[in-house]
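First the structure, in the form of structure tokens, and then the observations on it.
The values are calculated or read from the model by the stated rules, or taken from the named source; none is laboratory data. Quantities reported herein were computed from a predicted structural model and do not represent experimental measurements. Cβ sites come from the backbone with ideal geometry, for glycine too, and all protein chains shown count toward neighbours. The accessibility values were calculated without ligands, DNA or RNA, using every heavy atom of the protein model including side chains. Shrake-Rupley method; radii C 1.70, N 1.55, O 1.52, S 1.80 Å.
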Amino acid sequence: MSNKRIALIIISVIVMAGLITAAYLRWQLKQGSRTPPPAGASVLMDNVAQADALPQGFVVWSSNRSGNHDILKMTLPGREITSLTTHPNAEYFPRISPDGRQVVFSRAQKRWVPHRNMALWDVVLLDIASGKERLLAKNGNTPTWSTDGSKVYFQRKVTGFAEVDIKTGKERILFTSGNGDVKKSVALQTPGYSAKTNKIAVTLRQGQRMIAILDLQGKLQEISDGCQLTWSKDGDFLYYVDHGGKMKNAFYLYDPQTAKSRKWLDLPGDYSHEYFPKLSNDEKYLVFAASKGGHEHDGADYELFLWQVGTPAETATRLTFHTGNDNWPDVYLTK
């Protein structure tokens, strides 16, 4: 065999090895981190907003500042932080009931499961006053409430969307991938239901990529390539995350009647990589998280912010000051 042929074979092997390595790294990224992120530490800041600038109520969110992702609660305006859970398994996506008395959230089926793995989670109901917990659904994820608080909706085994009756525990599958415009095995990420429109707001991944409004027969109304699409309380509008902001991300509003979007919020400061938007129960405030550019939802240093809807972006108040990971907040206001 000639030296030229040997050299070509060696080059081909190197190129193939590079392609295989690159493919593996892309696959590994999609799986999320194999280990939990470091707990981080508190950061002292001089520009903390005065307490009287905040409304009355409380915020709940997932944070790993204790060494594991637990569900925390912050009172407003006092900003006192307590742990609602101390379970050894990771937890995230807390959502407050319409009456402010209960929280549903996702709990991992083992100590650490990255958010990118949508399968290994259960839905848990927590009574805030007593601390009593109740398992609502095995193999469920990212729960949300019905407007009357009688039902909880959630992602069922990645490709399904289900509801469970709080009183009876009876479960009903509302939609499964493979019907209508949705391809089989497509993940229904962070789905939410509007009783007024009888439609689902959903982020499609793993085979189809879009955010869309989905009816129960599978007809899609595509919106964009964004994520975290969420219904307003009465179903008149939706909001979501998409590119186009200072640090790539920004929040957008979508009108389903006109099928038009407009930019809603993009922070002007150092923390401008926004995610996890959630309107308060009265829809006067938006709570969310933002990083300085770090992306991974369960690993980057996200800080929580509270913004009074309609005011300038620079008036958003930073709520947390910690280098750990804070994600998926919700806010309930009493005044």
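Taking the range 297-327 and a reference point 7 angstrom along Cα→Cβ of Ala41, the backbone N atoms nearer than 11 Å belong to 323. Placing Arg107, Arg172 in order of accessible area, with the largest value first and a 1.4 Å probe, yields Arg172, Arg107. Site pair Asn198 and Ser185 shows an inter-label distance of 3.2 nm when each label is modelled 7 Å from Cα along Cα→Cβ. The length gained on full extension between Thr323 and Arg134, counted as 0.36 nm times the residue separation minus their Cα-Cα distance, comes to 64.9 nm.
Once the Cα atoms are used to define both axes, helix 3-31 deviates from the longest principal axis of the chain by about 10 degrees. I want to verify a result. In a Gaussian network model of the chain, Cα cutoff 10 Å, which of these has the top mean-square fluctuation: Ile213, Ile71, Ile223? Of Ile213, Ile71, Ile223, the most mobile in the Gaussian network model is Ile223. What is the calculated FRET efficiency for Lys248 to Gln206, with r their C-beta to C-beta distance and R₀ = 35 Å, to the nearest 0.05? Computed FRET efficiency for Lys248 and Gln206 comes out at 0.95. What the phi angles of the range 217-233 give under the Karplus curve with 6.51, -1.76 and 1.60, with θ = phi - 60°, is a coupling list of 9, x, 7, 9, 10, 5, 10, 6, 9, x, 7, 6, 5, 9, 6, 6, 4 Hz, glycine and proline written as x.
Karplus-derived 3J(HN,Hα) values for the range 284-298, using 6.51 cos²θ - 1.76 cosθ + 1.60 with θ = phi - 60°, are 8, 10, 10, 9, 6, 10, 8, 10, 8, x, x, 10, 3, 4, 9 Hz; glycine and proline are entered as x.
Per-residue ellipticity at 222 nm computed for the chain from its helices equals -3000 deg cm²/dmol, with DSSP H segments shorter than 4 residues left out and the rest contributing -39,500 (n - 2.57). Annotation note: trypsin sites (Lys or Arg not before Pro) in the range 198-271 located in DSSP loop regions with a Cβ neighbour count of at most 16 within 10 Å are Arg209, Lys219, Lys233, Lys246. Solvent exposure of the chain, expressed per residue, is 48 Å² of accessible area, with all protein chains present and a 1.4 angstrom probe. Summing charges over all other residues whose Cβ lies under 9 Å from the Cβ of Asp122, with Lys and Arg as +1 and Asp and Glu as -1, gives +2.
Database remark: amide H of Thr320 closer than 5 angstrom to the amide H of Leu304 (H placed geometrically; neighbours at sequence offset of 5 or more, or on other chains; Pro and chain starts carry no H). Among the chymotrypsin sites (Phe, Trp or Tyr not before Pro) within the range 155-222, not one is in coil by DSSP while having at most 15 neighbouring Cβ atoms inside 10 Å.
Between [x] 21.2, 83; [y] 21.5, 76; [z] 19.6, 62, which entry matches Rg and Dmax of the Cα atoms in Å as derived from the coordinates of this structure? Calculated Rg and Dmax of the Cα atoms in Å: the matching label is [x]. Inter-label distance, Leu220 to Arg172: 2.6 nm, where each label sits 7 Å from its Cα along the C-beta direction. Rounded to whole numbers, the Karplus 3J(HN,Hα) couplings from phi for the range 145-156 are 9, 6, 5, 9, x, 8, 10, 10, 9, 7, 6, 9 Hz, using 6.51 cos²θ - 1.76 cosθ + 1.60 with θ = phi - 60°, and x at Gly and Pro. Please check the chain for the longest run free of GluC sites (Glu not before Pro) that are loop-located per DSSP (anything but H, G, I, E, B) and have at most 14 other Cβ atoms within 10 Å. The longest uninterrupted stretch comes out as 81-282. When the chain is treated as a Gaussian network with alpha carbon springs shorter than 10 Å, the biggest mean-square fluctuation among Ala39, Ala201, Ala259 belongs to Ala259.
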